[in-house]
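One structure below.
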């Protein structure tokens, strides 16, 4: 800005000023700043810029005007508390000031209408245009001046709490000026003619790393795990700034801070520095309290806060909408609010949290519908009474169990339900364990892991769950025995058949002692012991055990019970594996008919029996018939289970085998090539089925070139 520009002023005596209508007086006035005004002029206190300020590439969003616009719309910087909206606005203002691109800079604390009016009155006075007016009359004088002047101005409305506070007080559009507002709200009222919403997010991982590295540059011994700490703090600028000051003041390394942060008994407030950096007004723990109170006062009144408290126990990366509207959650909200709460009220409360940037709601993604930053969750958790957290934990667990489909056909849904269950159990495990046993959702999560092909992960999950069960319930509790059974089963599915058989042998002795020989759980342990003995190389012994088990199941449970029907099917299978290949199909056909009658044609066990029947038809010498039956089965498994279910992949495996055995080795090789790509994607490279598929692909490629290559043993 040159000296001639700085000396410019409106001179009404020479007719250069514009007539401004003042609705608070009876006459129109020409007015100009009094002679005491010194240009350029700053009104209000711009917060000092933070140390190690990061270039976030957002100023272009603040500066950019629409291509067809002659004036720049107001930029409204919206984001959750602590993302650095004020710092972005301050950096923008200071950059323009240092570049001498402003004649007037007005910084307005905008938390209330009265604060906005006071700042406008002060600005009007310093410009010499107030003519003795105060309050909203002086504010109108300022707005009229901003609309008419060709002085270059910037007005920053910092930390606006309620869009209604700016009714009739938004700075006007003028080619000479611009407006920037910061707010935690993303209300639609903030957009529209003359305003543009700019969403301010978290640091990137690189920005967070660079910030901590710069702040700790003089204390290299403290910077032992910058990346881990940045991730734990969710890349939130406010949290990173306060953590850096705490580390320096207390001479603590990043690794120590991570451990302290992971300690749920330690409140966030204990990890805040005694003096906040960069003139912060709030600690991380208090940054969102005002927004939470505001959300709770919006219709439906009183629902947002308990809903956020329940969400603080779940996965920050995404909570399914269905979980938050399950009857168990609605009943809990009824109790906590004292009023009936339905799905519509939950939806509106979620939107209120979204509007105030306490959460992010994506209605187009029902699986990952609600996301809440981990530190918002932690601060909410810290401020919630323990008894409410306990009841919320049980309600969330009940809702997760209710939301779990009996057959998982959507891998993404299963993934998010597991993630929420794991998070809930990690954050607040005690309410999920009672004298009656472990909550059923803990078993649902483990079963989901295994049935979606993650067999090694399922075994590892049950290993850790067994440690908890022994400590909380004791070794003889039925649920501890159930956890042991699942651990042994998934170890077998992961490839250790002999280890599974040994584990079930020991488990059977304890189950007989605790539950007795006639308990259904005892019968299932016997069935598993027989199965894994057969898988470990003793099919004749497995057949003998199933023969005795079938008699006991028929006597105790009845001929139509699922366990009885399964015992009949398993007896036929292991007799076939022991050498009676011709009699298996004849034994399985009546079992299949009974399963269709009792369970229905689409029950997973019915489909498994069809799979086994097709297999033994091929083994008995009819590979073409086996291929046709397996092809029909594949269509039903695709419909019932989906394309990525492990049992669907197994059916594709067997179909490829039988087509090859029926005389088309090239087709088998092509089918295995496609199957291997999907198996790698779904199950991973180390899964036993992936290894088998890879071996069979190589074998059928060889047979397609040399039909003399012999067939290797396999089964589904």
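The values are calculated or read from the model by the stated rules, or taken from the named source; none is laboratory data. In this text the structure is predicted, and so the values were computed from the model without any measurement. Every residue, glycine as well, gets a Cβ built from its backbone with ideal geometry; the counts of neighbours run over all protein chains shown.
Is it the case, given these coordinates, that residue 282 is modelled with pLDDT under 95 and within 30 Å of residue 249 (Cβ to Cβ)?
yes
So residue 78 clears everything in (1) out of contact with any strand residue (DSSP E or B) (no Cβ under 9 Å at 6 or more places or on another chain); (2) surrounded by 17 or more Cβ atoms within 10 Å (Cβ to Cβ); (3) modelled with pLDDT of 80 or more; (4) under 30 Å from residue 372 (Cα atoms) except one condition, right? Which one?
(1)
Exactly one of (1) touching a helix residue (DSSP H, G or I) at 6+ places or on another chain (Cβ under 9 Å); (2) surrounded by fewer than 20 Cβ atoms within 10 Å (Cβ to Cβ) is unmet by residue 526. Its number?
Going through (1) touching a helix residue (DSSP H, G or I) at 6+ places or on another chain (Cβ under 9 Å); (2) surrounded by fewer than 20 Cβ atoms within 10 Å (Cβ to Cβ) one by one, residue 526 breaks only (2).
Given the options 264, 258, name the one that is farther than 30 Å from residue 294 by Cα, in contact (Cβ under 8 Å) with a residue 12 or more places away in the chain, surrounded by fewer than 19 Cβ atoms within 10 Å (Cβ to Cβ) and within 22 Å of the chain's Cα centre (by Cα).
Only one candidate qualifies: 258.
In the list 143, 166, 154, which residue meets the criterion of being buried (at least 17 other Cβ atoms within 10 Å of the Cβ), in contact with a strand residue (DSSP E or B) (Cβ under 6 Å, 6 or more places away or on another chain) and in contact (Cβ under 8 Å) with a residue 24 or more places away in the chain?
After ruling out the rest, the residue left standing is 154.
Name the residues in region 169-194 that are touching a helix residue (DSSP H, G or I) at 6+ places or on another chain (Cβ under 9 Å) and either free of Cβ contacts under 8 Å to residues at least 12 places away in the same chain or under 25 Å from residue 360 (Cα atoms) (or both), would you?
Scanning region 169-194 gives 180, 181, 182, 183, 184, 185, 186, 187, 188, 189, 190.
Taking region 300-318 as the region of interest, how many residues are in contact (Cβ under 8 Å) with a residue 60 or more places away in the chain and either buried (at least 23 other Cβ atoms within 10 Å of the Cβ) or closer than 12 Å to residue 388 by Cβ (or both)?
Qualifying residue count, region 300-318: 9.
Which of the residues that make up region 165-194 are outside any loop (DSSP other than H, G, I, E, B) and at pLDDT below 90?
Those that are outside any loop (DSSP other than H, G, I, E, B) and at pLDDT below 90: 188, 189, 190, 192.
Determine, yes or no, whether residue 542 is surrounded by fewer than 17 Cβ atoms within 10 Å (Cβ to Cβ) and part of a helix (DSSP H, G or I).
No, not satisfied.
Just to be sure I understand the filter: pairs with C-beta atoms under 7 Å, separated by 6 or more residues or on different chains, first member in region 326-342 and within 15 Å of residue 401 (Cα to Cα), second member not in a helix (DSSP H, G or I). Which pairs pass?
From residues that are within 15 Å of residue 401 (Cα to Cα), the pairs are 330/341; 330/342.
Every residue, every condition in (1) in the same structural domain as residue 628 (by TED's automatic domain parsing); (2) within 19 Å of residue 412 (Cβ to Cβ); (3) in contact (Cβ under 8 Å) with a residue 60 or more places away in the chain, yes or no:
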residue	(1), (2), (3)
642	yes, yes, yes
648	yes, yes, no
653	yes, no, yes
657	yes, no, no
681	yes, yes, no
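Of all residues being outside any helix (DSSP H, G or I) and within 30 Å of residue 294 (Cβ to Cβ) in region 108-154, which is nearest to the chain's Cα centre (by Cα)? Just the residue, please.
Across region 108-154, the extreme among qualifying residues is 111.
Can you tell me which residue in region 201-232 is modelled with the lowest pLDDT, limited to those that are under 19 Å from residue 274 (Cβ atoms) and crowded, with 17+ Cβ neighbours inside 10 Å?
215
Given the criteria surrounded by 16 or more Cβ atoms within 10 Å (Cβ to Cβ), out of contact with any strand residue (DSSP E or B) (no Cβ under 9 Å at 6 or more places or on another chain) and on the phi > 0 side of the Ramachandran plot, does residue 192 qualify?
Working: surrounded by 16 or more Cβ atoms within 10 Å (Cβ to Cβ): no; out of contact with any strand residue (DSSP E or B) (no Cβ under 9 Å at 6 or more places or on another chain): yes; on the phi > 0 side of the Ramachandran plot: yes.
Here the answer is no, as residue 192 does not meet what is asked.
Could you give every pair whose Cβ atoms fall below 9 Å, whose first residue belongs to region 344-359 and is assigned by TED's automatic domain parsing to the domain that holds residue 303 and surrounded by fewer than 18 Cβ atoms within 10 Å (Cβ to Cβ), and whose second residue is in a helix (DSSP H, G or I) and modelled with pLDDT under 95, counting only separations of at least 6 or pairs across chains?
Short answer, once both residue conditions are applied: 347/321.
Tell me the residue from 392, 379 that is crowded, with 19+ Cβ neighbours inside 10 Å, within 20 Å of residue 81 (Cα to Cα) and either touching a helix residue (DSSP H, G or I) at 6+ places or on another chain (Cβ under 6 Å) or touching a residue at least 12 places away in the same chain (Cβ under 8 Å) (or both), please.
Of the residues listed, the single one that is crowded, with 19+ Cβ neighbours inside 10 Å, within 20 Å of residue 81 (Cα to Cα) and either touching a helix residue (DSSP H, G or I) at 6+ places or on another chain (Cβ under 6 Å) or touching a residue at least 12 places away in the same chain (Cβ under 8 Å) (or both) is 379.
Quick check on my filter: what residues within region 476-501 are assigned to a loop (DSSP other than H, G, I, E, B) and in contact with a helix residue (DSSP H, G or I) (Cβ under 8 Å, 6 or more places away or on another chain)?
In the first step, residues of region 476-501 are kept if they are assigned to a loop (DSSP other than H, G, I, E, B); the result is 476-477, 494-496.
Those that are assigned to a loop (DSSP other than H, G, I, E, B) and in contact with a helix residue (DSSP H, G or I) (Cβ under 8 Å, 6 or more places away or on another chain): 476, 477, 494, 495.
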